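The values are calculated or read from the model by the stated rules, or taken from the named source; none is laboratory data. Please read these numbers as outputs of a predicted model, since none were measured by experiment. Using ideal geometry, Cβ is built from the backbone for each residue, glycine included, and neighbour counts are taken over all protein chains shown.
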């Protein structure tokens, strides 16, 4: 790929004649890989005009580079990087420097020190990837998504593609959410009560920033979603972890002086426990008595399975206390980063203003593409296909777990895309995960889901959204074999 003329410049602190400096510049471009074999260089006239030097100076520099086999000439076609030019070194040269900044003082908040676990970027290269939240390309509807994206690039959608919405959203996407998506959860909302976000995590961040301060208290599930704990820690509010049980978050254990309760009632993260209706009702009653607000993260309802008998907490709320968070990242693909926030108009107004000051709005083309994909029925067809596949994989998971004597920690529900597991107490699942990697198996250690210092280290999560059904049984067999081997060592 030929470099644009703007990429050529003479560093102000280099020494030597103009000819030597031009030679050095081009040689460094070749050695750094910025110019590759076969790339065309600017003509001597154009480079001279750009650098503000005489043309003969550039011509002499090119002639010297020709002699050193960095360049080759193709007559009237111009100068090109020679096929015999040196290969770029495998190492990257870095400028030696000594920082004079006290970064401990200059960076008062340690964002990079948060404990959220990261999935391996090369997870697809593993034969048995029990990772959560990734897309199976065999299930995704590439063809129709591509057609919707192309339509959103058309002349009729030029405004949606190119406009700066400032603090607004794509009206077609909002309309679909109001008419189709939210009513499935029993939620009825007006346009001014809906905000499109860059995924559920962005929605949670906006909610935390709008509802909390250093003087306010947030109750969270323990164990719970690690990224939420990071978000709330950075907001500097007071945190009150409340231990979840087999039915999710117990309302009676939430301190009365709480201001905002964050919960995942449909599928507790990470156990997948579903909060029963009587507990949901009790949670709303306690919120009314103690003047709490509730942020409901309904992150996986679309693929919750055929049996999802309980309505969203938001649908039971008659006082506007529940802030609802939804996402298309689990049902479409995580790279989409498209979610939504549903709440009383004053909350959405503040969240909209905050979003406008940070990222203005999610890309218009992305919103319009999603709106077409939803409105044309492709989304519903995709969800049905995913639900069937995940149901089959879940059955294979349960059969393999029973066969090999692995233990499920969360009672869960009939759907979802992951199982919360418990290894023997002498197993550290961080070490287990490292050992399993060598066997082509990826699991998710459970430590990051706990916030307390004495958190158990023998929990782990097995996702099955991105692993082929045929590989589930042999993958579970490898997990069981490694755990059994550790048991034999422990018994000695």
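When the residues of segment 431-466 are filtered to those that are more than 21 Å from residue 272 (Cα to Cα) and in contact with a helix residue (DSSP H, G or I) (Cβ under 7 Å, 6 or more places away or on another chain), the one that is modelled with the lowest pLDDT is 439.
Has segment 397-414 got any residue that is closer than 29 Å to residue 331 by Cα and under 20 Å from the mean Cα position of the chain (by Cα)? No: segment 397-414 contains no residue that is closer than 29 Å to residue 331 by Cα and under 20 Å from the mean Cα position of the chain (by Cα). Would it be correct to say that residue 214 is in contact (Cβ under 8 Å) with a residue 60 or more places away in the chain and out of contact with any helix residue (DSSP H, G or I) (no Cβ under 6 Å at 6 or more places or on another chain)? Against the criterion (in contact (Cβ under 8 Å) with a residue 60 or more places away in the chain and out of contact with any helix residue (DSSP H, G or I) (no Cβ under 6 Å at 6 or more places or on another chain)), residue 214 does not qualify.
Look at residue 399 and say whether it is more than 19 Å from residue 271 (Cα to Cα) and surrounded by fewer than 19 Cβ atoms within 10 Å (Cβ to Cβ). Spell out how you get there, then give the answer.
Working: more than 19 Å from residue 271 (Cα to Cα): no; surrounded by fewer than 19 Cβ atoms within 10 Å (Cβ to Cβ): yes.
No, not satisfied.
Residues in segment 145-178 that are in a helix (DSSP H, G or I), under 23 Å from the mean Cα position of the chain (by Cα) and either in contact (Cβ under 8 Å) with a residue 12 or more places away in the chain or more than 21 Å from residue 379 (Cα to Cα) (or both): 145, 148, 149, 173, 174, 177. Condition first: in contact with a strand residue (DSSP E or B) (Cβ under 7 Å, 6 or more places away or on another chain), surrounded by fewer than 16 Cβ atoms within 10 Å (Cβ to Cβ), in contact (Cβ under 8 Å) with a residue 12 or more places away in the chain and in a loop (DSSP other than H, G, I, E, B). Can you find one or more residues in segment 434-445 that meet it? Yes.
For segment 307-323, does any single residue satisfy the condition of being in contact with a helix residue (DSSP H, G or I) (Cβ under 7 Å, 6 or more places away or on another chain), under 19 Å from residue 139 (Cβ atoms) and surrounded by 22 or more Cβ atoms within 10 Å (Cβ to Cβ)? Within segment 307-323, none of the residues are in contact with a helix residue (DSSP H, G or I) (Cβ under 7 Å, 6 or more places away or on another chain), under 19 Å from residue 139 (Cβ atoms) and surrounded by 22 or more Cβ atoms within 10 Å (Cβ to Cβ).
Here residue 151 passes the criteria (1) at pLDDT 85 or above; (2) under 18 Å from residue 333 (Cβ atoms); (3) touching a helix residue (DSSP H, G or I) at 6+ places or on another chain (Cβ under 9 Å) except the one numbered (2). Look at residue 384 and say whether it is in contact (Cβ under 8 Å) with a residue 24 or more places away in the chain and within 25 Å of the chain's Cα centre (by Cα). No, not satisfied. Would it be correct to say that residue 249 is surrounded by fewer than 24 Cβ atoms within 10 Å (Cβ to Cβ) and in contact with a helix residue (DSSP H, G or I) (Cβ under 9 Å, 6 or more places away or on another chain)? It is false that residue 249 is surrounded by fewer than 24 Cβ atoms within 10 Å (Cβ to Cβ) and in contact with a helix residue (DSSP H, G or I) (Cβ under 9 Å, 6 or more places away or on another chain).
Filtering segment 37-58 to residues that are farther than 14 Å from residue 5 by Cα and exposed (fewer than 15 other Cβ atoms within 10 Å of the Cβ) leaves 37, 38, 54, 55, 56. Scanning segment 446-472 for residues that are surrounded by 21 or more Cβ atoms within 10 Å (Cβ to Cβ), more than 20 Å from residue 220 (Cβ to Cβ) and either outside the structural domain of residue 483 (by TED's automatic domain parsing) or over 22 Å from the mean Cα position of the chain (by Cα) (or both) yields a single hit, 472.
Just checking, which of 349, 355, 288 is over 22 Å from residue 188 (Cβ atoms) and either out of contact with any strand residue (DSSP E or B) (no Cβ under 9 Å at 6 or more places or on another chain) or part of a helix (DSSP H, G or I) (or both)?
Working: 349 fails: over 22 Å from residue 188 (Cβ atoms); 288 fails: over 22 Å from residue 188 (Cβ atoms).
Result of the check over 349, 355, 288: 355.
Considered as a group, the residues in segment 186-202 that are under 19 Å from residue 264 (Cα atoms), touching a helix residue (DSSP H, G or I) at 6+ places or on another chain (Cβ under 6 Å) and not in a loop (DSSP other than H, G, I, E, B) include one that is modelled with the lowest pLDDT, and that residue is 201.
Would it be correct to say that residue 117 is in a loop (DSSP other than H, G, I, E, B), at pLDDT below 80 and either outside the structural domain of residue 390 (by TED's automatic domain parsing) or at positive phi (or both)?
Working: in a loop (DSSP other than H, G, I, E, B): yes; at pLDDT below 80: yes; either outside the structural domain of residue 390 (by TED's automatic domain parsing) or at positive phi (or both): yes.
For residue 117, the condition - in a loop (DSSP other than H, G, I, E, B), at pLDDT below 80 and either outside the structural domain of residue 390 (by TED's automatic domain parsing) or at positive phi (or both) - is met.
Within segment 321-346, the set of residues being assigned to a loop (DSSP other than H, G, I, E, B) and in contact with a strand residue (DSSP E or B) (Cβ under 9 Å, 6 or more places away or on another chain) comprises 321, 328, 329, 337, 338, 343, 344. Being closer than 17 Å to residue 174 by Cβ, crowded, with 21+ Cβ neighbours inside 10 Å, modelled with pLDDT under 90 and in contact with a helix residue (DSSP H, G or I) (Cβ under 6 Å, 6 or more places away or on another chain) is a description that applies to residue 379.
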